[in-house]
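S.K.: Let me give you the structure first, and then I'll get to my questions.
What follows is calculated from the coordinates using simple rules that are stated; it is not laboratory data. Since we're looking at a predicted model, the values are computed, not measured. Here the Cβ positions follow ideal geometry from the backbone for every residue, glycine too, while neighbour counts run over all protein chains shown.
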Amino acid sequence: MTATLLSTEHHWSCPNCDLTDVTHQAQPHTQFHNCRGLRGLWTPMVPAGINCKVEARDRDDYVAGDMVQTDGEGRPVMSVVTTRDDGEDCAVYAPCATASSKEI
């Protein structure tokens, strides 16, 4: 008996820079990269050929003492949103709160 092995190949691209990639994972997944087009943020790639927009959303609130994600220009970023014709995905950069030993 001959067994056929299925090869999974996922082609990825970024609408904000010229990076492309190929992965071979069988499980559902999304490829991420540090995007030059979005000031070095860790952003998702999209399946090649998909018409979409990937954009960074700046934080609109007061940062205070929180440890937040900043872009290459030092601006605090809240999330990266991928908008397609059939929906929207969001990668959130949750802040890390800080405290001193006296506060704990």
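S.K.: At a Förster distance of 30 Å, what's the computed FRET efficiency of residue 21 paired with residue 64, Cβ-Cβ distance as r, to 0.05? All intermediate terms of the calculation are to be shown ahead of the outcome.
M.R.: On the way: r = 37 Å, r/R0 = 1.24.
The pair residue 21/residue 64 has a calculated efficiency of 0.20.
S.K.: In whole percent, what relative contact order does segment 10-92 give with Cα contacts below 8 Å and a gap of six or more residues? Before the final figure, lay out each step's value.
M.R.: Details: 139 pairs, mean separation 20.1, N = 83.
Contact order relative to length: 24 percent.
S.K.: Which GluC sites (Glu not before Pro) does segment 16-104 hold that lie in a coil by DSSP with at most 10 other beta carbons within 10 Å?
M.R.: Values: sites: 55, 73, 88, 103; in loops: 73, 103.
Listed in order of number, the matching sites are 73, 103.
S.K.: Please arrange 50, 104 by counting, for each residue, the other beta carbons lying within 10 Å of its beta carbon, fewest first. Don't skip to the answer; put the middle values down first.
M.R.: Working: 50 14, 104 5.
Going from sparsest to densest Cβ surroundings: 104, 50.
S.K.: Which whole-number value in Å³ per residue fits the convex hull of the alpha carbons of the chain? Present the calculation step by step, with values, prior to reporting the outcome.
M.R.: Working: hull volume 17.1 nm³, N = 104.
Cα convex hull per residue, to the nearest whole number: 165 Å³.
S.K.: Need the full-extension length gain, residue 99 to residue 50, defined as separation in residues times 0.36 nm minus the C-alpha distance. One decimal, nm.
M.R.: 13.3 nm
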